[in-house]
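Structure record follows, encoded as structure tokens.
No value in this document is a laboratory result; all are computed from the given coordinates. Note that this is a predicted model, so its numbers are computed, not measured. When we count neighbours, we look across all protein chains shown, and the Cβ atoms used for this are built from the backbone with ideal geometry, even at glycine.
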Amino acid sequence: MHTNDWEAPRITPLEFNQLNKFGQRRVQSPVTEAIDGVPVATLIERFGSPLFVTSEQRLRANCRRLHQAFAARGVEAIHGWSYKTNYLSAICNVLHQEGSWAEVVSRFEYEKARRLGVPGERILFNGPHKPRPALERALAEGAHVHVDHFDELATIESIARARGVPAPIALRLNFDTGFTEPWSRFGFNLESGQALEAIATVTTSPHLRLVGLHSHIGTFILDPRAYAAQVTTLCRLMQEIEGDGPTRLDYLDIGGGLPSRNALQGTYLPPEQAVPDLDEYADAICTAFLEGTAYRLERGEARPRLIFESGRAVIDDAQVLITTVVGRKQLPSGAPAVILDAGINLLFTAFWYNHQVSLASPARGEPRETVLYGPLCMNIDVVRAAVQLPPLLPGDPLVISPVGAYNNTQWLQFIEYRPAVVMIHPDRQVSLIRRAEDLDSVFAHDLLPDHLARPVGDAPGEGDALSGNIIPLRRAG
Ligand SMILES: Cc1ncc(COP(=O)(O)O)c(C=O)c1O
């Protein structure tokens, strides 16, 4: 017969911040016993804890839903998958199979996209640091280079001059939409006149050809009107550039920034109420785009292509993190706390989201405001400062969600190994898509100069007694 552990009875006062405006408890701990039909217990047994779990089905569905939202409004938009959001190879390839291009922001990301087999013509190359060899390669391979600043423009012009082929480029712009805090550090600023100067530089250079305009107005944009204003500004500028002359832009790229259903810290309402529906964004964007590009149809010409670069809205809710309680604490205030095997080393986004925390088995008692600490010997390692959870015991698994955006790229190999990542396929088969780190993989890049090959001095034989402890590292050559 199963018996529960005895627990001392207690009276819990109703605390003001535990209630929402309807006088109800803010969070009931949800239970997630299985992910895409695969029990959490089975996943832990096969792959260990902590473990990132990706849903292929959800990822494909999210991507299709975005495309359909545009298509239903008469716009066949191109999606550029923002690699920095999550560049695990299997995840990128699911999205490439769905037709997404690669949106990359560094030489590394460019090379990664090419290694995965993405052709240059399906790569959007953003970012403030594109080294000359990377630009040379991108231009030779027909990638879409989005210029960030005047020095980069000069480099591209010199590459094009040397190649004897004009370089087709797009300019990244920034401006105030009136609805969001403007980002001014990337691209050329419109209000200051810098953008017009860049446009003049490109359109008067025999070595450059302006083929597109790009802007990314920020991230987790909660007001669809910001996109309407952005698209209207881009369309007006395009029309001005084209004027009565021969210049025709191929595309407008509106960047990313659509929110996911995650709970931003400092937001009063839960995500289901704070985050507008995808259709509202699609309406705002498509209406402005169709109106702003109608002048092309009046001239008997085709509209430019519309590109968007959503990251978090595509992947965030397609991944969860399984973690396990490793110990309990009672804080001096009397509040309960638990230590998990996953912390901010794996959940960088815990700095700005209050992730949902689900039990992976039925609750053992009444929820209490609980602190979730990670495993790091660092004071900042707090996964949730306060979350309603029932009493937990070591060994209890929890499921943290959504975690697909910006964690598998910004995670740290810090103090702990980074764990495995798996993908559940539509047929419920589970594949490992990234192996857990081990001592060999973490040390693979370390080199030891000869005189440091042993931890104790370098006199012959001195470290022999310790040789069993010496890790067989590569010698510096
Ligand atoms: C140029 C660009 N495109 C796309 C994205 C993806 O943004 P999000 O994940 O908010 O959609 C970013 C993120 O900052 C970005 O800088």
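Evaluate the charge dipole of the chain about its Cα centre and quote only its size in Debye, nearest 20, assuming +1 on the Cβ of each Lys and Arg and -1 on the Cβ of each Asp and Glu.
340 debye
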Next on the checklist: Suppose a student asked you for the relative contact order of region 126-310, using Cα pairs under 8 Å spaced at least 6 residues apart; what percent would you report?
Outcome noted: 19 percent
Item to check | Tilt relative to the chain, helix 150-163 - C-alpha long axis, 0 to 90 degrees, to 10 | outcome: 60 degrees
Checklist entry - Hey, if you put +1 on the Cβ of every Lys and Arg and -1 on every Asp and Glu Cβ in the chain, which of Gly164, Ala61, Leu139 ends up farthest toward the positive end of that dipole? => result Ala61
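Mean separation of Cα pairs under 8 Å and 6+ residues apart, divided by the residue count of region 50-179: what relative contact order is that in percent? Show your work: numbers first, answer last.
Numbers: 153 pairs, mean separation 20.6, N = 130.
After rounding, I find 16 percent.
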Item to check | Rounded to whole Hz, the Karplus (6.51, -1.76, 1.60) HN-Hα couplings of region 423-435, x for glycine and proline | outcome: 10, 8, 8, x, 8, 6, 6, 10, 10, 6, 10, 8, 5
Checklist outcome for this item: Cβ-Cβ cut-off under 10 Å around Arg305, Lys and Arg +1, Asp and Glu -1: the net charge is -2
Checklist entry - In whole angstrom, and with the biggest value first, how far do the Cα coordinates of region 126-310 range along each principal axis? => result 56, 41, 31
Next on the checklist: Test of understanding: what is the full-extension gain from Arg328 to Glu181, defined as 0.36 nm times their sequence separation minus their Cα-Cα distance?
Outcome noted: 48.8 nm
Checklist outcome for this item: The rounded separation in angstrom of the Cα centers of region 249-305 and region 327-363 is 35 Å
Item to check | Sequence-distant residues sharing a close amide H with Thr324 (under 5 Å, placed H) | outcome: Asp341, Ala342, Leu398
Next on the checklist: Quick check: the angle from helix 56-71's long axis to the longest principal axis of the chain, C-alpha only, nearest 10 degrees?
Outcome noted: 30 degrees
Checklist entry - Among the aspartates and glutamates, which fall within straight-line cross-link reach of Lys130, defined as a Cα-Cα distance under 20 Å, with same-chain neighbours fewer than 8 residues apart omitted? => result Glu103, Glu109, Glu111, Glu121, Glu141, Asp148, Asp151, Glu152, Glu157, Asp253, Glu309
Checklist entry - Which FRET efficiency value, to the nearest 0.05, is calculated for Glu298 and Arg163 with the Förster distance at 30 angstrom and r the Cβ-Cβ distance? => result 0.20
Checklist entry - Which net charge results when you count Lys and Arg as +1 and Asp and Glu as -1 among the other residues whose beta-carbon is under 15 Å from that of Phe108? => result +4
Checklist entry - Where does the Debye-calculated log10 I(q)/I(0) of the chain sit at q = 0.06, 0.07, 0.12 Å⁻¹, using only Cα point scatterers of equal weight, no solvent? => result -0.35, -0.47, -1.11
Checklist entry - Against the longest alpha carbon principal axis of the chain, how many degrees, from 0 to 90 and to the nearest 10, is the axis of helix 194-204 turned? => result 50 degrees
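Using +1 on the beta carbon of Lys and Arg, -1 on that of Asp and Glu, and nothing else charged, what's the dipole of region 358-463 about the Cα centre, debye to 20?
Working: 8 positive and 13 negative charges, 117 e Å.
With Lys and Arg at +1 and Asp and Glu at -1, about 560 debye.
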Checklist outcome for this item: Distance in Å, no decimals, from the C-alpha centre of region 60-135 to the one of region 156-229 is 19 Å
Next on the checklist: On a full-extension model of 0.36 nm per residue, what is the gain between Asp450 and Glu136, subtracting their alpha-carbon distance, rounded to one decimal in nm?
Outcome noted: 109.2 nm
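Can you compute the helix-only [θ] at 222 nm over the chain? Use -39500 (n - 2.57) per DSSP H run of at least 4 residues, normalise by all residues, nearest 500 deg cm²/dmol. Walk me through the intermediate numbers first.
Details: 14 runs with 131 residues, N = 477.
Taken over the chain, the calculation gives -8000 deg cm²/dmol.
At a threshold of 8 angstrom on Cα-Cα distance, excluding pairs fewer than six apart, so keeping six or more, what relative contact order does the chain reach in percent?
Numbers: 903 pairs, mean separation 83.7, N = 477.
Taking the mean separation of contacting Cα pairs over the length of the chain, I get 18 percent.
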Checklist outcome for this item: Karplus ³J(HN,Hα) for region 334-341 (6.51 cos²θ - 1.76 cosθ + 1.60, θ = phi - 60°; Hz, whole; x = Gly/Pro) runs x, 6, x, 9, 10, 9, 9, 7
Checklist outcome for this item: Between Asn174 and residues 5 or more places away or on another chain, the pairs with built amide H atoms under 5 Å apart involve Phe188, Asn189, Leu190
